[in-house]
Amino acid sequence: MILVTGGAGFIGANFVLDWLGQSDEAVLNVDKLTYAGNLGTLQSLQGNSKHVFARVDICDRAALDALFAEHKPRAVLHFAAESHVDRSIHGPADFVQTNVVGTFTLLEAARQYWNGLPETEKAAFRFLHVSTDEVFGSLSATDPQFSETTPYAPNSPYSATKAGSDHLVRAYHHTYGLPTLTTNCSNNYGPYHFPEKLIPMMITCALAGKPLPVYGDGLNVRDWLYVGDHCAAIREVLARGKPGETYNVGGWNEKTNLDVVHTLCDLLDELSPRQSGSYSEQITFVKDRPGHDRRYAIDARKLERELGWKPAETFETGLRKTVQWYLDNQDWVQNVMTGEYRNWLVKQYAA
Ligand code: NAD
Ligand code: DAU
């Protein structure tokens, strides 16, 4: 069995669904179910004995110890985090708690469990930490992409806490020998993406006839990767990555936010046209994000060279699939638009 944290969130749930779609190995899914966790995403696994769900906070050491003792996982895949940069600006405390204290607590529980394993199982055990390219800070238009040796320079409370968690994972390998792996990935998109993030935000606002809120001048650059490609990369790193190593994951898809929003509007104009005019008429420039990183870009050559991973989707094919998924799954979108999410929209966008 593998233990997945955050498996009811966007990437974790895609990972669990993909994993159980192609493997007989069971998943213990450990998730606190914050506003970002949604069991509706995992509905197709109801009655599947290979999926065991535990509503547990990764800061709860006793609960983690009990799960390790009962289920004896051969690997931990750690997705759970507070993940939205704008929320980290309004309230950083939850980010420190889950991303730093939670990762520390999980590492301690994993280390104790791992120490008690017989030698062959100990050698085979893996702790895979899912992290982000934001730990490397911001690039200028002419800087080379982030590589695995780019110095850390996090700029938001979110990225600072992810950087803290990366450092803890590194230290647990270096000091205790825990067989860790870290992936630093660029911006994901795809099915089950919570609508607070750029791409699903734009799709849901467009269909609701609301303004499409573009921060600042809209020229910030992100490097987009289809979530299924990220999940495939994680499977490769788990299977063949070298303990103690870090791997950058990216799609070679640098786009300005404005380009992304225009491409989404074009796709919606084609797949679900308005009565008249284009969705691009809804684009509205709003106040910039404080400390907004200008550009992220990933050099993913190590992963390709050492483990043979390459993304299967282009931005065009991945984005088309994603827009179609949102059009076909309006029920899922309505279910995650809880009171908490409506409060967030007012807090972030009211001005
Ligand atoms: P998400 O916010 O959609 O999901 C996070 C999940 O973690 C939710 O299910 C939530 O309930 C759970 N969770 C939060 N706090 C918890 C706690 N204390 N205990 C247990 N569970 C808890 O996030 P995501 O976008 O799926 O990101 C998953 C991971 O990938 C994160 O570590 C994030 O930093 C990293 N990452 C994300 C992206 C991206 O573009 N979304 C890119 C690179 C890396
Ligand atoms: O780079 C990886 C990171 O990508 C992950 O670690 C984070 O968890 C994930 O949330 C994402 O962070 P970003 O801040 O890049 O993603 P977000 O979707 O919030 O914003 C993408 C860009 O779009 C960013 O430049 C801000 C801008 N934006 C975002 C929103 C929500 C807007 O212009 N308007 C918006 O309403």
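Observations on the structure shown:
- Taking first residues from the stretch 212-239 that are in contact (Cβ under 8 Å) with a residue 40 or more places away in the chain and within 19 Å of D293 (Cβ to Cβ) and partners that are more than 12 Å from ligand 2 (Cβ to nearest atom) and of a type in the set (F, W, Y), the Cβ contacts under 6 Å between residues at least 6 apart in sequence or on separate chains come to W224/F315.
- Test: residue in the stretch 207-215 that is crowded, with 18+ Cβ neighbours inside 10 Å, more than 14 Å from ligand 1 (Cβ to nearest atom) and small (G, A, S): no
- Close pairs from the stretch 132-154: first at positive phi and surrounded by 12 or more Cβ atoms within 10 Å (Cβ to Cβ), partner in a loop (DSSP other than H, G, I, E, B) and at pLDDT 95 or above, Cβ under 7 Å, at least 6 apart: G137/A153; G137/P154; G137/N155; G137/D293
- Residues that are charged (D, E, K, R) and surrounded by fewer than 18 Cβ atoms within 10 Å (Cβ to Cβ) within the stretch 13-37 comprise D18, D24, E25, listed in sequence order.
- Members of the stretch 301-320 found to be of a type outside the set (D, E), touching a residue at least 60 places away in the same chain (Cβ under 8 Å) and surrounded by 15 or more Cβ atoms within 10 Å (Cβ to Cβ), listed by number: K302, L303, L307, W309, P311, F315, G318, L319
- Residue check for G37: within 16 Å of ligand 2 (Cβ to nearest atom) and either modelled with pLDDT of 95 or more or closer than 22 Å to V336 by Cβ (or both): yes
- Among the residues making up the stretch 244-272, those that are among the small types (G, A, S) and surrounded by fewer than 18 Cβ atoms within 10 Å (Cβ to Cβ) are G244, S272.
- All of (1) at pLDDT below 95; (2) assigned to a loop (DSSP other than H, G, I, E, B) hold for P311 with one exception: (1).
- Here the strands (runs of 3 or more DSSP E) wholly within the stretch 3-85 that include at least 2 residues being more than 6 Å from ligand 1 (Cβ to nearest atom) and closer than 19 Å to N335 by Cβ are 51-55.
- Any hit, the stretch 220-242, residues being of a type in the set (D, E, K, R), surrounded by 16 or more Cβ atoms within 10 Å (Cβ to Cβ) and away from ligand 1 (no atom under 13 Å from the Cβ): yes
- Only residues that are more than 14 Å from ligand 2 (Cβ to nearest atom), surrounded by 17 or more Cβ atoms within 10 Å (Cβ to Cβ) and either closer than 24 Å to D223 by Cα or aromatic (F, W, Y) (or both) were counted in the stretch 165-177, giving 1.
- Complete set of residues in the stretch 1-31 that are among the polar types (S, T, N, Q) and more than 22 Å from F194 (Cα to Cα): Q22, S23
- Only one of the listed residues (G40, G91) is surrounded by fewer than 17 Cβ atoms within 10 Å (Cβ to Cβ), within 24 Å of E134 (Cβ to Cβ) and of a type outside the set (A, V, I, L, M). That residue is G91.
- Residues of the stretch 1-43 satisfying the condition of being under 20 Å from A232 (Cα atoms) and of a type in the set (S, T, N, Q): T5, N14, Q22, S23, N29, T41
The values are calculated or read from the model by the stated rules, or taken from the named source; none is laboratory data. Since this is a predicted model, take the numbers as computed values, not measurements. In this analysis, Cβ positions are derived from the backbone assuming ideal geometry, glycine residues included, and neighbour counts consider all displayed protein chains.
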